[in-house]
1. Could you run the Debye sum over the Cα atoms of the chain, one equal point scatterer each and no solvent, and tell me log10 of I(q)/I(0) at q = 0.15, 0.18, 0.22 Å⁻¹, two decimals?
2. Using a Gaussian network model of the chain whose springs link C-alpha atoms within less than 10 Å, name the residue from 25, 40, 17 with the highest mean-square fluctuation.
3. Each label point is 7 Å from the Cα along the Cα-to-Cβ direction; what then is the distance between the points at residue 62 and residue 34, in nm?
């Protein structure tokens, strides 16, 4: 099974950065600050995560810091899976 970070990176590259070199999107890349995620793309990403990992996000899960990087997204998904 593909790791969360790899799956999120692949999704972002495919959906929001087509043609971008995957080496330019690290686990620590600031997604909103670099213009990769805006409000619409954030909603698309959240829908993908909910479907892919069987989790449900609440409004407070969408705070900027929780979706700031691929690393932060992985932490959020894992915390939702645990309970």
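1. With one equal scatterer per Cα and no solvent, log10 I(q)/I(0) is -0.47, -0.70, -1.08.
2. The residue with the greatest mean-square fluctuation here is 40.
3. 2.3
The numbers here are math on the coordinates, done by the rules we state, and not lab data. Bear in mind that the values here come from a model prediction, so they are computed numbers and not experimental data. Positions of Cβ are backbone-derived with ideal geometry, glycine not excepted, and every protein chain shown enters the neighbour counts.
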